[in-house]
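To start, the structure under review is shown below, and the notes come after it.
The values are calculated or read from the model by the stated rules, or taken from the named source; none is laboratory data. Keep in mind it's a predicted model, so treat the numbers as computed, not measured. Cβ: placed from backbone, ideal geometry, glycine included. Neighbour counts: every protein chain shown.
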Amino acid sequence: MTVASGVSEEIKPESVSLCPLGTGAVPEQPELLCIFGTGDLGRSLGLCLLQSGYRVVYGSRRPHSCGPLPQGAQVMSHAAAALSARLIFMCVHREHYGFLGTMAPHLEGKVLVDLSNNLKKGMYQEANAIYLQSLVPGAAVVKGLNTLSAWALQNGLLAGKQVYLCGNSAEAKQSVAEMATKLGLTVLDKGSLSAARELEDFPLRLFPEWRLPLRVAIGLTAFFFFYLLIRDVIYAYVEKKKDISYRIMVSLANKVFPIVSLIMLSLCYLPGVIAAFLQLYRGTKYRRFPDWLDRWMLCRKQMGLLALGFAFLHAIHTFIIPIRYAVRHKLISRVVDEMKNNKTTPFYFDNEEAWATDSFYVLGILGFFLYVLLGLTSLPSVGGSLSWREFSFIQSKLGHLTLLICTAHGYIYGWNKFLSPATYKWYTPPGYMLCLVVPTVVLVLKTLLLFPCVDRTLTRIRQGWERTQPREELDEIKATNL
């Protein structure tokens, strides 16, 4: 390929070769695709296209000094590259779209795929794709693939990844969709180009499904931290003149983490119970749930993962308790006192206390195991390999069993303290009592739903039965009787 004035000659077809049968047929050439922009995104996209069997040509302002490009790709000026391909990917920022106005004749009838994003929402009055369409009215602009990063393209992390397309030309969108499918992507059509603003805002979202669970988790953590700080540390300092502030880092934290974990786990299953009772009350499944309940149900997975995270923190803090300075000092002091006094502390065996302690630890270990199992099945790679019945069994039945075991773990912890006046410092209940309220309510309500008469009615409703017939059916029955 020769280059003159920054523009190469038109790309010529490969030389004709005879087929094995000697028919002289010309082998079909791979489709040629054009990319405007030789930055990280453009180079990464070009590499993926080449690996998928396409030919790639780049359009650049400086064809001779645009840096290293994927092996097998060609580079030309924008005008020459645009004339050589029908499908053109715009891997340049919106502020550099100005040159396209002068290229409108070269882009007539082309399909322009706009991959641009903005730094923040509402940065421009109109969407980038709509602005691009106004610059080249003779081209068919498709907004899409803008949720793909250069890193994902370079590392081949595209299999099954969902991308969105929108545009006014169904034929143009079909061309882009076929190309995206060959890359291993899953395509979702979002309609006309008016949806471009929504697509451009997708990459700017920062963990939208995690916001509510994180707020709940942070709120619960802050509340119980200060609540237990007052009950344990400040109470000991005011009433007993003892400074036990050193317990804040480990002991106090190790009380907060399991409390928040258990409440977050119960909040995963509470919306499902509420939804079931709403359906029973309404006698139909065809009425929408309130918006707050819909939003709550959509973030149950995130709440469960946060609950698992707090459970991990609880387990780690429990393991480090024996190596803490205060514990080691207390143990060494006891040993020294026994040696000085030549007296061994007698061992008193309490069968009831032993049973409670061992049950407490066993339920904690079993509950944590089921916690991890629930977390693993929530991973797409694991959950995707399960049938719907298997996934439902683990997330629902084993999930409620996990909640039951962890709740029993909390009850056994304070089984002999609930009625003791010393437990209520400044007339306030301990944290573990407060954390048992929500899971107990969830388990009681779930038990009511398991009664045969209730479960049978709920199953019929979820299969489409309605307690009251629609007005249209009543009118038909009346007309038939007349």
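Some points to look at:
- Which listed residue is within 15 Å of LEU458 (Cβ to Cβ) and touching a Gly at 6+ places or on another chain (Cβ under 9 Å), from TYR269, TYR286: TYR286
- Residue match in the stretch 378-394 (condition: surrounded by 14 or more Cβ atoms within 10 Å (Cβ to Cβ), within 30 Å of GLU239 (Cα to Cα) and under 32 Å from the mean Cα position of the chain (by Cα)): no
- Among residues of the stretch 84-102, those that are in contact with a His (Cβ under 9 Å, 6 or more places away or on another chain) and either under 21 Å from GLY144 (Cβ atoms) or buried (at least 19 other Cβ atoms within 10 Å of the Cβ) (or both), counted: 1
- When each of PHE347, PHE360 is tested for being modelled with pLDDT of 85 or more and aromatic (Phe, Trp, Tyr), the lone residue that passes is PHE360.
- Any chance ARG282 is charged (D, E, K, R) and either modelled with pLDDT under 90 or at positive phi (or both): no
- Any hit, the stretch 205-224, residues being of a type in the set (Asp, Glu), touching a Leu at 6+ places or on another chain (Cβ under 8 Å), modelled with pLDDT under 90 and not in a strand (DSSP E or B): yes
- Residues that are under 30 Å from GLY410 (Cα atoms), out of contact with any helix residue (DSSP H, G or I) (no Cβ under 8 Å at 6 or more places or on another chain) and in a loop (DSSP other than H, G, I, E, B), drawn from the stretch 367-388: LEU379
- Members of the stretch 234-251 that are in a helix (DSSP H, G or I), of a type in the set (A, V, I, L, M, F, W, C) and within 26 Å of ILE320 (Cα to Cα): ILE234, ALA236, ILE248
- Residue check, LEU158 at pLDDT below 90 and surrounded by fewer than 21 Cβ atoms within 10 Å (Cβ to Cβ): yes
- Within the stretch 151-201, the set of residues being assigned to a loop (DSSP other than H, G, I, E, B), of a type in the set (Gly, Ala, Ser) and under 30 Å from GLN125 (Cβ atoms) comprises SER169, GLY191, SER192.
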